[in-house]
Amino acid sequence: MNAPKQRPEEFDIVIIGAGISGIGAARYIVEAFPGKRVVVLEGRDNIGGTWDLFKYPGIRSDSDLHTFGYEFKPWKDRAAIAEAPKILNYLREAVEENDLGGLIRLGHSVRRAEWSSADARWTIDMHTADGDKRITANWIFAGTGYYRYDEGYTPHFEGREDFAGDIIHPQHWPEGYDYSGKKVVVIGSGATAVTLIPSMLTGERAAAHVTMLQRTPTYVLPWPKVDSLALLYTRLFGERRGYALTRFNNIWMDRGVVKSLRTFPRLGRAIIRRVNKKSLPKGYDVDTHFNPPYDPWDQRLCLSPDGDFFAALRDGGASIVTDRITRFTESGIQLESGAHLDADVIVTATGLNVRLLGGIDLAVDGAPVNLADSVVYRGTLLSGIPNLAIAIGYTTSSWTLKVGILCRYFCNLVKHMDAFGYDSVAVEADPAMETRPVMDLSAGYAQRARESTPKQGTGMWQMSMSYPQDAKLLRGPLLDDALRFSSTTDESASSTAREAIRA
Ligand SMILES: Cc1cc2nc3c(=O)[nH]c(=O)nc-3n(C[C@H](O)[C@H](O)[C@H](O)COP(=O)(O)OP(=O)(O)OC[C@H]3O[C@@H](n4cnc5c(N)ncnc54)[C@H](O)[C@@H]3O)c2cc1C
């Protein structure tokens, strides 16, 4: 990438990504620092990230929007589990209501960022439709999500080129694609498959039949689309207080459910099996098709709003096959069991390619950074990379709950630095600390990313997945010995900082 000729624009904080994390971060940061120069760089031509990218039928959340939405903006729709256009609309409103539009630069894809300790600044190179641009900033806040936008994950399927019909990955769904009257096989058992299948059987374009072909089952639970308690709270206490109460309620309920499932996995498994059995026709082979090898909540549970997925199975429009693929054939898929699945369309709901920090090449004082060498501190700072915070949310409950917490931590940290006159902070991890992947999940996408993502450790270096635990941490001391502050203008500041931490 060629360095642009004119003097780079200067900012205090650059937020990368205008998805739900980046927009939320912008709101917290602008509120905390009205005087700072802030910009949001978004590589795509629209805001919304995930909620603008995916176009497959039925694309929706699988969290309730009372916890997935922002703390500062009530979710007003009746449906607690919502389709992407509604989430996108909510994000547009958040931008408008908080006057963030002027900060967002669309079509600015960040390619490289280099930190200079001498200047306490990042030099950030972007690609735009008008050519390459460069800016500098004291801080980067990365709301870049956790997966590649340009390609979803598809394993190699023998004979793929022999198949005569269309093969579609949900991440690249052709808008308006007509599957009416077709036999569809969806490969995968995750949230995407569970969303797609009932959606492809409704409306004018309904498919003739949809088969979910899974190698490994997932936990799926019917869940009310409308949260009647939320409606009651809103009626009794008004929009804002009703939302806050619902959010509080759902956070603790979710925590309680997760804790119980983790403590008594066999009981959890038995309860889920019972619910599944009740939702399916008598004699349905629940033990083959709904019996994952892992414990409940080792991965996020798949929710089926108002049991739509189970209804599709009951009606006969959909079916599940648990088997392994031998190869694609001209007319479908040959299975290891010897059976053949006929198909006109194959949907590969086989997942995402995990990538943190949006594929940006990072360097610190001239040395390239390998993300896998860094350890995440308080879920947001990275060892060896000064003045960079990353938004990695929860993976077993609403992603955004964590992002709200770490945004507040970030603002408190920057306020502290401003008060003491520091312009940079780095975190140092004890090399002897035991580490494991930052996304420590059994899900395929997390497993595949082990070599390219940062690590987590113990104590403050642990990637907590618990909102109550994180909320407690946030209220605790802001500083500890891992933080190394410095100032390019005040020599005495660094040592003062260390003394302040110890005090
Ligand atoms: C289909 C689907 C459904 C999901 N449902 C849920 C759910 O119900 N609940 C839940 O908690 N989580 C869910 N998730 C996870 C979900 O992605 C996150 O919860 C959330 O949307 C992530 O928001 P984000 O802003 O952090 O990242 P994203 O939505 O991925 O947004 C990142 C933004 O950063 C931009 N960006 C990235 N790199 C660069 C760069 N180098 N330069 C400039 N811009 C860049 C991208 O273009 C994008 O706009 C779902 C994920 C998928 C794929």
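Quick notes on this structure:
- Meets criteria (within 15 Å of the ligand (Cβ to nearest atom), assigned to a strand (DSSP E or B) and within 21 Å of Arg314 (Cα to Cα)) for Val210: no
- Applying the set (1) closer than 14 Å to Ile140 by Cβ; (2) away from the ligand (no atom under 11 Å from the Cβ) to Val14 leaves exactly one unmet item: (2).
- The criterion of being assigned to a loop (DSSP other than H, G, I, E, B) and more than 9 Å from the ligand (Cβ to nearest atom) does not hold for Tyr56.
- Number of residues in the range 237-296 that are under 24 Å from His66 (Cα atoms) and among the basic types (Lys, Arg) equals 6.
- Residue match in the range 183-201 (condition: over 23 Å from Val321 (Cα atoms) and not in a loop (DSSP other than H, G, I, E, B)): no
- Every pair of residues 6+ apart whose Cβ atoms lie under 6 Å, when the first sits in the range 21-33 and is in the same structural domain as Asp418 (by TED's automatic domain parsing) and closer than 23 Å to Asp52 by Cα while the second is at pLDDT below 95 and within 13 Å of the ligand (Cβ to nearest atom): Ser21/Val403; Gly24/Val403
Per-residue answers, yes or no, for (1) assigned by TED's automatic domain parsing to the domain that holds Ala343; (2) more than 16 Å from the ligand (Cβ to nearest atom); (3) not aromatic (Phe, Trp, Tyr):
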residue	(1), (2), (3)
Arg160	yes, yes, yes
Phe163	yes, yes, no
Pro170	yes, no, yes
Lys182	yes, yes, yes
Val186	yes, no, yes
Ile197	yes, no, yes
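Conditions (1) in contact with a Pro (Cβ under 9 Å, 6 or more places away or on another chain); (2) within 30 Å of Arg327 (Cβ to Cβ); (3) buried (at least 17 other Cβ atoms within 10 Å of the Cβ), marked per residue:
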site	(1), (2), (3)
Arg215	no, yes, no
Val220	no, yes, yes
Ala230	no, no, yes
Arg240	yes, no, no
Ile251	yes, no, yes
Lys259	no, no, no
Phe264	no, no, no
Leu267	no, no, no
Asn276	yes, no, yes
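- Leading residue by the ranking (nearest to Pro8 (Cα to Cα)) among those in the range 78-102 that are of a type in the set (Gly, Ala, Ser) and not in a helix (DSSP H, G or I): Ala82
- Among the residues of the range 93-133, the ones that are basic (Lys, Arg) and in contact with a helix residue (DSSP H, G or I) (Cβ under 9 Å, 6 or more places away or on another chain) come to 1 in all.
- Residue match in the range 462-479 (condition: acidic (Asp, Glu), modelled with pLDDT of 75 or more, buried (at least 17 other Cβ atoms within 10 Å of the Cβ) and farther than 29 Å from Gly152 by Cβ): yes
- Odd one out for Val369, checked against (1) within 16 Å of the ligand (Cβ to nearest atom); (2) without any contact (Cβ under 8 Å) to a residue 12 or more places away in the chain; (3) of a type outside the set (Gly, Ala, Ser): (2)
- Residue in the range 73-102 that is farthest from Ala244 (Cα to Cα), counting only those that are away from the ligand (no atom under 13 Å from the Cβ) and among the basic types (Lys, Arg): Arg92
- Test: residue in the range 354-361 that is among the small types (Gly, Ala, Ser) and within 30 Å of Ile124 (Cβ to Cβ): yes
- Of everything in the range 408-448 that is under 30 Å from Thr154 (Cβ atoms) and of a type in the set (A, V, I, L, M, F, W, C), the residue that is modelled with the highest pLDDT is Val438.
- Listed by first and then second residue, the pairs with beta-carbon distance under 6 Å, at least 6 apart or on different chains, first residue in the range 41-53 and without any contact (Cβ under 8 Å) to a residue 40 or more places away in the chain and assigned by TED's automatic domain parsing to the domain that holds Ile135, second part of a loop (DSSP other than H, G, I, E, B) and more than 7 Å from the ligand (Cβ to nearest atom), are Asp52/Asn46.
- Residues of the range 28-52 that are part of a helix (DSSP H, G or I) and either surrounded by 21 or more Cβ atoms within 10 Å (Cβ to Cβ) or near the ligand (Cβ under 6 Å from one of its atoms) (or both): Tyr28, Ile29, Thr50, Trp51.
- Odd one out for Ile271 among (1) closer than 21 Å to Gly332 by Cα; (2) among the β-branched types (Val, Ile, Thr); (3) assigned to a helix (DSSP H, G or I): (1)
Table: residues versus (1) touching a Lys or Arg at 6+ places or on another chain (Cβ under 7 Å); (2) polar (S, T, N, Q); (3) assigned to a strand (DSSP E or B).
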{"residue": "Pro386", "(1), (2), (3)": "no, no, yes"}
{"residue": "Thr400", "(1), (2), (3)": "no, yes, no"}
{"residue": "Cys411", "(1), (2), (3)": "no, no, no"}
{"residue": "Met417", "(1), (2), (3)": "no, no, no"}
{"residue": "Ala429", "(1), (2), (3)": "no, no, no"}
{"residue": "Glu434", "(1), (2), (3)": "no, no, no"}
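- Residue match in the range 59-72 (condition: free of Cβ contacts under 8 Å to residues at least 40 places away in the same chain, closer than 30 Å to Phe309 by Cβ, within 13 Å of the ligand (Cβ to nearest atom) and not assigned by TED's automatic domain parsing to the domain that holds Gln299): yes
- Residue count for the range 121-177, restricted to those that are surrounded by fewer than 21 Cβ atoms within 10 Å (Cβ to Cβ), closer than 19 Å to Ile390 by Cβ and among the small types (Gly, Ala, Ser): 0
- Of the strands (runs of 3 or more DSSP E) lying entirely inside the range 295-373, those carrying at least 1 residues that are at pLDDT below 95 and in the same structural domain as Arg274 (by TED's automatic domain parsing) are 302-305.
The values are calculated or read from the model by the stated rules, or taken from the named source; none is laboratory data. Just so it is clear, the model here is predicted, and its values are computed rather than measured. All Cβ positions, glycine included, derive from the backbone under ideal geometry; neighbour counts span all protein chains shown.
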